[in-house]
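One structure is given here, and the rest of the page talks about it.
The values are calculated or read from the model by the stated rules, or taken from the named source; none is laboratory data. What you are looking at is a predicted structure, and each value in this text was computed from that prediction instead of being measured. Virtual Cβ from ideal backbone geometry, glycine too; neighbours counted across all protein chains shown.
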Amino acid sequence: MDLREEVAALDPIIQGIIQAIELIISGDPEVYRITELSLIISISGTALSCIWSIPISAVLALRNLPGKRVIKGLFNALIGIPTVALGLYLYLLLSRAGPFGYFHLMYTPSAIIIGQCVLVTPIVVSFTTSALESVDPEVRTLAKTLGASGMQMDAVVLREARAGVLLAIVAAFNRAFAELGVAIMLGGNIRDLTRVLTTAIALQTEMGDISLSIALALILLSIVMTLSIILSFARRSS
Amino acid sequence: MISRLETLNVSKRYDHLQALDNVNIGVLSGRIVSIVGVNGAGKTTLLKILAGLDTMNEGKILVDGREASQEELRACSTMVFQKSIMFSGSVYDNVAYGLRVQHVQSGKLRERVLSALRIVNLENFEKRKANKLSSGEQQRVAIARALVIERDVLLIDEPTANLDPTNATIIEQGIKEAANSRILLLSTHNLSQARRLSERIVHLHKGCIIEENDTSSFFANPRDERTKFFLDGELNF
């Protein structure tokens, strides 16, 4: 009995896992193309969100604003927004009949990037605000008495909170990378264009190609877990 | 260089608490003045106001006879806090912070940082993580961090509270060295330290100055009854 026959005799899930590992090790072009596109889209969405989320957090944590608690509460509540609901709202905005239909963004990677960016903004804002608020307020006073300007004081607080800010960014990336609703509604799961890991897993499972689904799921999980492990090491060393 | 710092009728209230009440003191460059008093007397509040880190409700602060704004006070002074806060990073990064925000060029910056570290006997500590140091060593870093920016007014709040004698001695030596060319105000409830370091002593009690005298007279012939009680270690006066 050769190896193939032995494998066939095994449980179909184990068989799927073995074939999945073979797909990954052999460098299957489709697997790598989907992974690459997923990484590009989720990194872009997270990075774009950080451009405004971190300054918003700095304002919420370090300035006295009227209604600050309400705004923070709103961002906290939005962390759990269902991705399908968000996908639907953005679909209505970006579709041809919608207010942004003119830009023809639907079913492009840009649409998924925008969607993921909106999705992770509450995560980055809430986590970063908490991280900045946890820094000893005397750090700011110390910087002030050593001659720092307002911006330099904000920068030193941000620096002291960097482990928390990094956690916010990684949590946001993980959420973007693992979500399905936005990617399927705005991207449409078009092969070689908008097919990302989560949409591909859903499709392949539906089509019965369990080994490809498992291969993609393994990649998804390993990236998310590797990032979490790196983050915990980084936090410990800082 | 600033040669005189004065407060004129400085008062500060926190809700229903009168933290400072008509405080008038004058300090000359090159002379250490100690502010003594029990906890809650208003020593830290006074130093924070002089450092431009807190506002006052009434009164003026004069620098060389001219009224100074909060920004002007911040520009000419620096304060060392009782609880030494360290920025994350190395001892060198901590001491260099005040120079970096002023964009001092790197060669000069290094020279000044190493010289400040020498004053507090931390020559070989530059690469150590500041947060990993003992509290005494951290307080020495805090003194070096304040000295390196060469401000005319140095305000030090309880520099050796809860420190061992070795660290306390090193810090006192650093303070003496720093006082040569500066206005130096020291808040302490360590009376023997005030006696060792300062030329004048101000006794602050419940936000009011109840005695100001040169050091020898303060200890030998206190004028106020409450100062006598304070020197005798009485708790209720």
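Things worth noting here:
- Single condition A:Lys144 does not satisfy, out of (1) assigned to a helix (DSSP H, G or I); (2) more than 14 Å from every other protein chain (Cβ to nearest Cβ); (3) basic (Lys, Arg): (2)
- Residue ID - nearest to the other protein chains (Cβ to nearest Cβ), chosen from residues in segment A:154-191 that are free of Cβ contacts under 8 Å to residues at least 24 places away in the same chain and surrounded by fewer than 20 Cβ atoms within 10 Å (Cβ to Cβ): A:Arg159
- Matching residues, segment B:67-79, being more than 11 Å from chain A (Cβ to nearest Cβ) and either under 17 Å from B:Asn24 (Cβ atoms) or polar (S, T, N, Q) (or both): B:Glu67, B:Ala68, B:Ser69
- Some residue of segment A:133-141 being acidic (Asp, Glu) and outside any helix (DSSP H, G or I): yes
- Just so you know, in segment B:1-41 the residues that are in a loop (DSSP other than H, G, I, E, B) and of a type in the set (S, T, N, Q) include one that is surrounded by the fewest Cβ atoms within 10 Å (Cβ to Cβ), and it is B:Asn39.
- Scan of segment A:108-117 for residues that are in contact (Cβ under 8 Å) with a residue 60 or more places away in the chain and either in a helix (DSSP H, G or I) or within 10 Å of chain B (Cβ to nearest Cβ) (or both), ordered by number: A:Pro109, A:Ala111, A:Ile112, A:Ile113, A:Ile114, A:Gly115, A:Gln116, A:Cys117
- Whichever residue in segment A:2-40 is among the charged types (D, E, K, R) and not in a helix (DSSP H, G or I) and, among such residues, is modelled with the highest pLDDT: A:Asp28
- Here segment B:94-132 is the region considered, the condition is being within 22 Å of the chain's Cα centre (by Cα) and charged (D, E, K, R), and the residue that is nearest to the other protein chains (Cβ to nearest Cβ) is B:Arg112.
- Residue list for segment B:202-237, restricted to those being surrounded by 14 or more Cβ atoms within 10 Å (Cβ to Cβ) and on the phi > 0 side of the Ramachandran plot: B:Lys206, B:Gly207
- B:Gly26 within 14 Å of chain A (Cβ to nearest Cβ) and either at pLDDT 95 or above or over 14 Å from the mean Cα position of the chain (by Cα) (or both): no
- When A:Glu206 is tested against (1) away from chain B (no Cβ under 14 Å); (2) assigned to a helix (DSSP H, G or I); (3) touching a residue at least 12 places away in the same chain (Cβ under 8 Å); (4) of a type in the set (Asp, Glu), just one condition goes unmet, and that condition is (3).
- Leading residue by the ranking (farthest from the other protein chains (Cβ to nearest Cβ)) among those in segment B:42-51 that are of a type outside the set (Val, Ile, Thr) and surrounded by 24 or more Cβ atoms within 10 Å (Cβ to Cβ): B:Gly42
- For segment A:183-192, the criterion of being in contact with a Phe, Trp or Tyr (Cβ under 8 Å, 6 or more places away or on another chain) and either farther than 16 Å from A:Ile114 by Cβ or not in a helix (DSSP H, G or I) (or both) is met by at least one residue.
- Taking segment B:151-237 as the region of interest, the helices (runs of 4 or more DSSP H) fully inside it that hold 1 or more residues being small (Gly, Ala, Ser) are B:165-179, B:191-197, B:215-220.
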